[in-house]
Amino acid sequence: MSKICYTLAMDQIDDILARGVANIIPGKTELLKVLSSDKKLNVYLGIDPTATKIHVGHAVPLRKLQALADLGHHITFLIGDFTALIGDTSDKDSERPILTKEEIEANFQTYKRQAEKVLDFSKVTVRHNSEWLAKLTFEDIVKLSQHFSVGDFTSRELIRRRLDEGKHVRLDEMLYPVMQGYDSYFMDTDLQLGGTDQTFNMQAGRTLQKNLRNKESFVMSNIFLEGTDGEKMSKTGGNAIWLEDTPEDMYAKVMAIHDDFIINYFTLATDTPLREIEEIKKELSSSSNPMSIKKRLALKIVEELHGVEPSKSAEEAFARTVQNKELPQEITGFHITSALTSVGTVSDALVELQLAESRSEAKRLITQGGTVVYGEVVRDPNQAFVPQEDGIIRVGKRKIVKLLKP
């Protein structure tokens, strides 16, 4: 390897180990040594395809996978079609819904279409864990379970809370970490990627690799990217930037984040080099108005996910409709339907008009003062709603609907 190639490879490795990493087990120094060698690692990221939409926070480990694939490591994108029959409860206060095989496959196809914006699947092996988990005998499962204790499972915060509150915890839920651990063992994994909420499950893989193969393996957990409001990014919170948002919506959502999150978004939601991000951090500390830097961030995110020209158009649209307070050139038209005439309240109208994904999100948007109906700001979610032909309804600075005759 030439000196230039070696330097580039080490820069990539440093980026992998530093960008958005919450923890490395057993340690960063040990993983650095392995990544710096000629060994090609078996790396995997597993998903349970229970959701059909990916936001930029979900894309954080996908970016890490791509970086490792670019270095020539063996990458497996694992579809947890068998484990999804149980449902992981690592980040949930209640049982997860159990999906059919048809639902799982349909969800993955939607997931893959979105993930391809970040991950080159030509460099990735896609597998389903039903390939091996469905073949385990009851004896196999008993033997695997002997490597873990009930206390390990019940001491986890969310499980303990559910038990303390008298909520139902299914016995098969206790087997989820065992199955995920077997995924890692079966594929002879060197490195597992996942969020911090997956650490317990990923540790199960390390346990089986050590006990059954006498092999040291690694776990890398990534930092979560906060939503546009600073809370955990989620569908129900209405604070997510989705990979399939339009360029205009994506740009405007980024412009709505708090200034304190600019560096986190540059780090986790873009491929901007870390050295450049350090310079941006210095600019922010010396600038009284971070607007121009946030515009660069919004342009960068949209460009990486949609392309150069759409990002420029989104920037122009934002300047025209938000900064210059003009209505967009194209407003979504919505014909007045019988369903709309019967909604009753403004909250229900926002959901019917697809300006909010749920009634709870609609209430939040209204109480925050970001909803304008026929030129008047609405602050009462239960205010009566009467459709008016040619009426303009605006939510925030980017969602605008014009009511059309039936």
What do you reckon, how do Leu133, Leu212 stack up by accessible area (1.4 Å probe), largest on top?
Leu212, Leu133
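Counting only DSSP beta bridges with both residues in region 257-406, tell me the antiparallel percent, nearest 5.
Numbers: 11 of 15 bridges.
The answer is about 75 percent antiparallel.
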Spatial separation of Cα centroids for region 168-182 and region 365-406, in angstrom:
46 Å
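Go through region 196-227 and name the trypsin sites (Lys or Arg not before Pro) that are in a DSSP coil and have 16 or fewer other Cβ atoms within 10 Å of their Cβ. Working shown, then result.
Values: sites: Arg206, Lys210, Arg213, Lys215; in loops: Lys215.
Of the trypsin sites (Lys or Arg not before Pro), the ones in loops of region 196-227 whose Cβ has at most 16 other Cβ atoms within 10 Å are Lys215.
Checking the a/c ratio against 1.5 first, then a/b against b/c, what shape does the Cα gyration tensor give for region 91-231? Spell out each step's value before the answer.
Values: a/c = 1.39, a/b = 1.10, b/c = 1.27.
The shape class here is rounded.
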Hey, what's the chain come to in accessible area per residue, 1.4 Å probe, Å²?
49 Å²
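Per the helix-only calculation at 222 nm, which mean residue ellipticity applies to the chain, given -39500 (n - 2.57) for every DSSP H run of n ≥ 4 and division by its residues, nearest 500 deg cm²/dmol?
Working: 18 runs with 179 residues, N = 406.
-13000 deg cm²/dmol, from helical runs alone.
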Tell me, what HN-Hα J-couplings in whole Hz come from the Karplus equation 6.51 cos²θ - 1.76 cosθ + 1.60 at θ = phi - 60° for each residue of region 276-286, using x for Gly and Pro?
5, 5, 4, 5, 4, 4, 5, 4, 4, 5, 9
Show the residues, 5+ positions off or on another chain, whose built amide H is closer than 5 Å to the amide H of Asn222.
Ala22, Gly194, Gly195, Thr196
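What percent antiparallel are the DSSP beta bridges of the chain, to the nearest 5? Please report the intermediate quantities before stating the final value.
Details: 17 of 40 bridges.
Antiparallel bridges make up about 45 percent of those DSSP assigns within the chain.
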Ordering Arg156, Arg320 by the accessible surface of their heavy atoms, 1.4 Å probe, largest first, yields Arg320, Arg156
Size descriptor, Kirkwood hydrodynamic radius, that averages inverse alpha-carbon separations across region 173-236, Å:
12.7 Å
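Stretch Ser360-Thr196 to full length: gain in nm at 0.36 nm per residue minus the Cα-Cα span? Write down the numbers at each step before the final one.
Numbers: separation 164, 0.36 × 164 = 59.04 nm, distance 2.75 nm.
Length gained between Ser360 and Thr196: 56.3 nm.
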When the charge dipole of the chain is computed with +1 on Lys and Arg Cβ and -1 on Asp and Glu Cβ about the Cα centre, the Cα farthest towards its positive end, among Ser292, Phe200, Leu31, belongs to Leu31
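Please give the FRET efficiency for Lys312 paired with Ala384, using the beta carbon to beta carbon distance and R0 = 30 Å, rounded to the nearest 0.05. Before the final figure, lay out each step's value.
Working: r = 42 Å, r/R0 = 1.41.
After rounding to 0.05, the efficiency reads 0.10.
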Order the following by accessible area, largest value first: Val21, Val126, Val346. Probe radius 1.4 Å; ligands, DNA and RNA are ignored.
Val126, Val21, Val346
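Share of the chain's accessible area from carbon and sulfur, percent, 1.4 Å?
It is 51 percent, rounded to a whole number.
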Could you pull out every residue, at least 5 positions away or on a different chain, whose amide H is within less than 5 Å of the one on Gly227? Hs are placed 1.01 Å off N in the peptide plane, and Pro or chain starts have none.
Lys232, Met233
What whole-number distance in Å separates the alpha-carbon centres of region 113-153 and region 278-293?
44 Å
Can you work out the FRET efficiency for the pair Ile336 and Ala106, with r the C-beta to C-beta distance and R0 = 35 Å, to the nearest 0.05?
0.60
Relative to the longest principal Cα axis of the chain, at what angle does helix 101-115 sit, 0 to 90 degrees, rounded to 10?
70 degrees
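The values are calculated or read from the model by the stated rules, or taken from the named source; none is laboratory data. What you are looking at is a predicted structure, and each value in this text was computed from that prediction instead of being measured. Backbone-built Cβ (ideal geometry, glycine too); neighbour counts: all protein chains shown. Please note that ligands, DNA and RNA were not included when accessible areas were found on the heavy atoms of the full protein model with its side chains. Shrake-Rupley method; radii C 1.70, N 1.55, O 1.52, S 1.80 Å.
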